[in-house]
1. Checking the structure you have, find out if any residue of the stretch 146-164 is among the acidic types (Asp, Glu), open to solvent by 50 Å² or more (accessible area, probe 1.4 Å) and in a helix (DSSP H, G or I).
2. Touching a residue at least 24 places away in the same chain (Cβ under 8 Å), open to solvent by less than 40 Å² (accessible area, probe 1.4 Å) and more than 22 Å from Ile158 (Cα to Cα): is that true of Tyr66 in this structure?
3. Among the residues of the stretch 75-94, are any closer than 30 Å to Glu38 by Cα, open to solvent by less than 40 Å² (accessible area, probe 1.4 Å) and part of a loop (DSSP other than H, G, I, E, B)?
4. Mind checking which residues of the stretch 175-197 are within 19 Å of Phe136 (Cβ to Cβ) and in contact with a helix residue (DSSP H, G or I) (Cβ under 7 Å, 6 or more places away or on another chain)?
5. Please find, within the stretch 165-187, the residue that is farthest from the chain's Cα centre (by Cα) out of those that are open to solvent by less than 100 Å² (accessible area, probe 1.4 Å) and under 30 Å from Ile83 (Cα atoms).
6. Being within 19 Å of Asn96 (Cβ to Cβ) and among the small types (Gly, Ala, Ser): is that true of Ser195 here?
7. Quick one: count up the residues across the stretch 31-48 that are under 15 Å from Lys70 (Cα atoms) and either assigned to a loop (DSSP other than H, G, I, E, B) or of a type in the set (A, V, I, L, M) (or both).
8. When you scan the stretch 188-207, how many residues do you find that are assigned to a loop (DSSP other than H, G, I, E, B), of a type outside the set (A, V, I, L, M) and open to solvent by 60 Å² or more (accessible area, probe 1.4 Å)?
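The values are calculated or read from the model by the stated rules, or taken from the named source; none is laboratory data. All values derive from a computational prediction rather than experimental measurement. Backbone-built Cβ (ideal geometry, glycine too); neighbour counts: all protein chains shown. Note: accessible area is taken over every heavy atom of the protein model, side chains too, but ligands, DNA and RNA are not part of it. Shrake-Rupley method; radii C 1.70, N 1.55, O 1.52, S 1.80 Å.
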Amino acid sequence: LPDEEITLAETLKSHGYATANYGKAHLSRDPRTYGFDEAITGWVRSYYHPFSPQYSKTLPAKKGDYYTDKLTDAAIDFIDDAIASEEPFFAYIPTNAPHSPYHDVPEALYRKYKSKDLSPILLGNDNDADTVARVFAMVENVDQNVGKLLGHLNRRQIAEDTIVIFMVDNGPNTQRYVVNSRGKKNEVYDGGIRSPYFFRWPAEVEP
């Protein structure tokens with residue numbers, strides 16, 4: 001990322017926000033260079049412990065902890081610290097999942113989807129039911145962690161005044177279900193480039 005680019009984190013930090021990046025960064029340097037006070041990022045070869053987080057903050061974890069869960073826990077701790085310091089906050093949480101490696105998924109969720117008939121949504125010859133079951137397990141785990149974050153905002157009684165944005169980066173990296181679109185990651189068809197975008201700000205925006 002060129003130094004002359006101004007990031008959202010830099011802008012908010014200049015207005016007194018605490019800022020953090022937990023998850024992917026895809027930057028050649030420490031995210032703190034781009035306006036984040038703290039970061040846990042880095043590529044994972046396994047979604048379970050041991051992790052090798054980079055940069056300023058460690059990620060306390062024990063064997064059997066799931067990476068997406070621990071990133072969410074770290075974000076919740078960051079939010080609590082910001083509340084205690086009476087600071088507004090910006091928590092950027094780009095989870096590594098759903099993504100390869102597919103061998104690391106929450107076991108109970110994997111069994112849930114492995115037991116289903118997924119043949120109606122298998123497309124092309126670069127996919128199989130086992131991979132899709134693992135991807136869906138990752139997706140539901142992300143859903144659970146989003147719910148955990150929203151629940152925490154409610155418990156801390158800040159949900160009304162907190163802007164929450166949920167979005168993803170691109171389509172799937174194998175040919176699978178993309179509603180009525182076609183294409184996948186790295187292709188410019190709708191299935192590769194359309195992204196869901198959810199915005200929530202209860203105090204200002206009617207659902």
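1. In the first step, residues of the stretch 146-164 are kept if they are among the acidic types (Asp, Glu); the result is 160-161.
Narrowing the set further to residues that are open to solvent by 50 Å² or more (accessible area, probe 1.4 Å) leaves 160-161.
Filter again for in a helix (DSSP H, G or I), leaving 160-161.
So far as the stretch 146-164 goes, yes, one or more of its residues are among the acidic types (Asp, Glu), open to solvent by 50 Å² or more (accessible area, probe 1.4 Å) and in a helix (DSSP H, G or I).
2. Values: touching a residue at least 24 places away in the same chain (Cβ under 8 Å): yes; open to solvent by less than 40 Å² (accessible area, probe 1.4 Å): yes; more than 22 Å from Ile158 (Cα to Cα): yes.
When the stated conditions are applied, Tyr66 passes them.
3. yes
4. Arg176, Tyr177, Val178, Ser181, Lys184, Lys185, listed by residue number.
5. To start, the set of residues in the stretch 165-187 that are open to solvent by less than 100 Å² (accessible area, probe 1.4 Å) comprises 165-166, 168, 170-176, 178, 181, 183-185, 187.
Pick out the ones that are also under 30 Å from Ile83 (Cα atoms) and you get 165-166, 168.
Values: Ile165: 11, Phe166: 9, Val168: 8 Å.
Looking at the filtered set, the residue picked out is Ile165.
6. Working: within 19 Å of Asn96 (Cβ to Cβ): yes; among the small types (Gly, Ala, Ser): yes.
Taking the combined requirement at face value, the residue satisfies it.
7. Counting residues in the stretch 31-48 that are under 15 Å from Lys70 (Cα atoms) and either assigned to a loop (DSSP other than H, G, I, E, B) or of a type in the set (A, V, I, L, M) (or both) gives 7.
8. First, pick out the residues of the stretch 188-207 that are assigned to a loop (DSSP other than H, G, I, E, B): 188-189, 194-196, 201-207.
Next cut, of a type outside the set (A, V, I, L, M) only: 189, 194-196, 201-202, 204, 206-207.
Now restrict to residues that are open to solvent by 60 Å² or more (accessible area, probe 1.4 Å): 189, 194, 201, 204, 206-207.
Residues that pass the stated criteria total 6.
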